[in-house]
2 protein chains.
Amino acid sequence: MKRTIENEVGSNHSLTRQRILDAAETLFAEKGFEATSLRMITAEAGVNLAAVNYHFRSKDALIDAVIARRIQPINQERLAMLAEATDKAAGRPPELEDIVRAMIAPVLRLRQRDPGVGRRVGLLFGRTYADPNEMVRPAFFNHMREIFRPFTEALRRALPSLPPAELLWRMHFGVGVMAHTLAGCDHLQVISGGLCDLSDVEGVIERMVNFICAGMRAPLVAQPGRYLENL
Amino acid sequence: MKRTIENEVGSNHSLTRQRILDAAETLFAEKGFEATSLRMITAEAGVNLAAVNYHFRSKDALIDAVIARRIQPINQERLAMLAEATDKAAGRPPELEDIVRAMIAPVLRLRQRDPGVGRRVGLLFGRTYADPNEMVRPAFFNHMREIFRPFTEALRRALPSLPPAELLWRMHFGVGVMAHTLAGCDHLQVISGGLCDLSDVEGVIERMVNFICAGMRAPLVAQPGRYLENL
DNA sequence: GTCTATATGGGGATAGAC
DNA sequence: GTCTATCCCCATATAGAC
């Protein structure tokens with residue numbers, strides 16, 4: 001038997017493997033990782049139960065593969081947009097709007113090519129930020145580490161007067177806006193009576209960029225308590 | 001046997017019942033609803049497995065009871081703070097900061113009396129906003145309905161020039177800031193190297209109020225696409 | 001109200017034939 | 001690579017003694 005890196009645990013391009021990844025993505029997005037069984041996945045994919053362990057070794061490894069397949073191209077596009085924003089600024093600090101848009105747009109624009117995939121990936125990632133599983137969040141944030149530094153550095157340059165701790169707080173708030181919008185898109189559509197949905201992708205991106213940038217630029221305020229001491 | 005409403009399905013003040021609620025809250029917050037079994041809960045509570053079904057009828061009903069016990073007093077305090085903000089304004093629109101603070105402060109201030117309970121409830125609620133379970137989110141938002149209208153109305157008065165759909169989007173973003181901060185508190189502490197944590201409760205509240213109010217007040221911007229048409 | 005024991009079903013993972 | 005059959009464990013829920 002020919003042994004390459006690809007087929008040590010199943011070929012990376014096997015049709016069965018792809019069908020499992022697609023079915024798992026759909027079910028994980030719809031029901032969550034924990035509530036989705038391998039039996040549901042293989043039934044949906046139309047493959048044999050044992051195929052999951054052959055191609056992915058374990059459910060945890062399958063979860064990581066599902067996340068990795070989508071997050072990697074998205075993060076590459078984020079870094080490309082960030083590089084573009086940095087180039088555009090020509091030595092000056094990059095524009096805050098461009099940095100925030102570089103973070104947000106790639107994941108939302110998935111909906112333009114394929115709304116089904118876009119919605120699934122949005123739900124998947126939006127929920128992963130709050131997932132209680134011991135393996136899921138570390139796996140996800142492991143993939144996010146490669147973009148954390150470049151984005152932090154760009155934001156630091158765009159907002160030079162913001163103390164470091166305050167910058168991290170506001171980045172955290174901004175990620176919350178994104179995560180909650182991705183995970184809660186269906187719910188907003190319901191409570192708004194259809195007034196708000198994610199079909200106008202570019203409009204939603206600009207709404208989020210607008211909101212987050214305003215929050216990031218908010219003047220520091222002195223308030224009751226030890227607020228200013230902890231910056 | 002004396003039959004009152006309270007003891008039709010176990011007394012509401014039974015010690016066993018309380019121990020189950022406490023253990024369930026801890027485990028749900030730590031591992032999530034799906035990954036927590038009744039066996040873990042009864043082991044942690046030091047009670048018999050069958051006691052859960054006696055006191056709560058089912059796991060779903062227990063989940064709802066755990067959520068309800070905490071959300072009800074929090075929502076009462078939110079409404080009280082909102083009423084105070086409205087009174088203070090004396091006929092004029094209430095101050096935006098006061099409205100946002102009324103929404104955010106009660107759940108964060110739980111940490112002041114008891115950091116353990118506060119953290120658990122924060123994780124529980126923060127994650128519930130993104131929970132994939134078919135029963136969890138509806139149950140949670142059913143409890144939130146009683147505060148949705150008063151807060152929406154107050155915000156509409158405080159931001160009269162904001163179109164209705166835009167207000168809903170920004171409320172959604174604001175909730176995202178709160179939910180993600182509650183659910184991701186531990187993670188922010190780690191990635192910030194301890195620079196950011198939730199122990200300075202009032203400081204965190206004011207940071208969030210500051211960020212959200214700036215986002216809510218952001219000028220509308222015309223951007224590429226159909227942004228302004230969809231307001 | 002609380003216990004033991006059990007009914008009933010589903011979970012992840014694997015062995016070994018093909 | 002794919003299948004069947006199975007191991008072993010855990011889930012929720014309930015019946016019925018105490």
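The values are calculated or read from the model by the stated rules, or taken from the named source; none is laboratory data. Note that the structure is predicted; figures quoted are calculated from it, not measured. When we count neighbours, we look across all protein chains shown, and the Cβ atoms used for this are built from the backbone with ideal geometry, even at glycine. Heavy atoms of the whole protein, side chains included, go into the accessibility calculation; ligands, DNA and RNA do not. Shrake-Rupley method; radii C 1.70, N 1.55, O 1.52, S 1.80 Å.
What is the distance, in nm, between label points placed 7 Å from the Cα along the Cα-to-Cβ direction at A:LEU49 and at A:ARG149?
Going by the 7 Å Cα→Cβ label model, 4.6 nm.
What does the accessible area of B:LEU195 come to, in Å² to the nearest 10, when a probe of 1.4 Å is used?
Accessible area of B:LEU195: about 100 Å².
Given N residues in segment A:31-128, what is its alpha carbon radius of gyration divided by 2.2 N^0.38 Å?
So the Cα radius of gyration is 1.41 times the expected 2.2 N^0.38 Å.
How far, in nm to one decimal, is A:ARG113 from itself in the other copies if the label point is set 7 angstrom along Cα toward Cβ? Shortest first, please.
5.2
Rule-of-thumb check for chain A: C-alpha Rg over 2.2 N^0.38 Å?
Rounded to two decimals, the normalised Rg is 1.16.
Note the distances from A:PHE141 to each other copy's matching label point, with points 7 Å along the Cα-to-beta-carbon direction, in nm, sorted shortest first.
2.8
Summing Lys, Arg as +1 and Asp, Glu as -1, what charge do residues with Cβ under 10 Å from the Cβ of B:VAL136 carry, B:VAL136 excluded?
-3
Would you kindly calculate the translational diffusion coefficient of segment B:91-159, applying Stokes-Einstein with the Kirkwood radius from alpha carbon pairs, for 10 °C and a viscosity of 1.306 mPa s, and quote it in µm² s⁻¹ without decimals?
Here the translational diffusion coefficient equals 116 µm²/s.
From the label point of B:PRO164, set 7 Å along Cα to the beta carbon, how far off in nm is each other copy's matching point, shortest first?
Once sorted, the set of distances for B:PRO164 reads 4.9 nm.
Using Cα pairs under 8 angstrom and six or more residues apart, how large is the relative contact order of segment B:63-219, in percent?
Dividing the mean separation by the residue count of segment B:63-219 yields 30 percent.
DSSP loop trypsin sites (Lys or Arg not before Pro) in segment B:129-231 with at most 14 other Cβ atoms within 10 Å of their Cβ, which ones?
Passing sites in segment B:129-231 are B:ARG226.
Hey, what did segment A:1-154 get for relative contact order, percent, Cα under 8 Å, at least 6 apart?
Once divided by the residue count of segment A:1-154, the mean separation gives 22 percent.
How big, on average over all directions, is the shadow cast by the Cα convex hull of segment B:129-206, in nm²?
Average of the hull's projected areas for segment B:129-206 equals 7.0 nm².
Based solely on its DSSP helices, what 222 nm [θ] is calculated for the protein assembly as shown when runs of n ≥ 4 H residues each add -39,500 (n - 2.57) and the sum is averaged over all residues, nearest 500 deg cm²/dmol?
Helix contribution divided over all residues of the protein assembly as shown: -23500 deg cm²/dmol.
For B:MET81, what accessible area in Å² do you get when you roll a 1.4 Å probe over the heavy atoms of the protein chains, rounding to the nearest 10?
That residue has around 40 Å² of solvent-accessible surface.
Give me the angle, in degrees from 0 to 90, between the Cα long axis of helix A:96-113 and the longest principal axis of the Cα atoms of chain A, rounded to the nearest 10.
Roughly 30 degrees, rounded to the nearest 10.
Please give the direction-averaged projected area of the C-alpha convex hull for the protein assembly as shown, in square nanometres with one decimal.
Mean projected area of the Cα convex hull: 26.3 nm².
Could you state the number of Å between the C-alpha centres of segment B:168-184 and segment B:185-209?
Centre-to-centre (Cα) distance: 15 Å.
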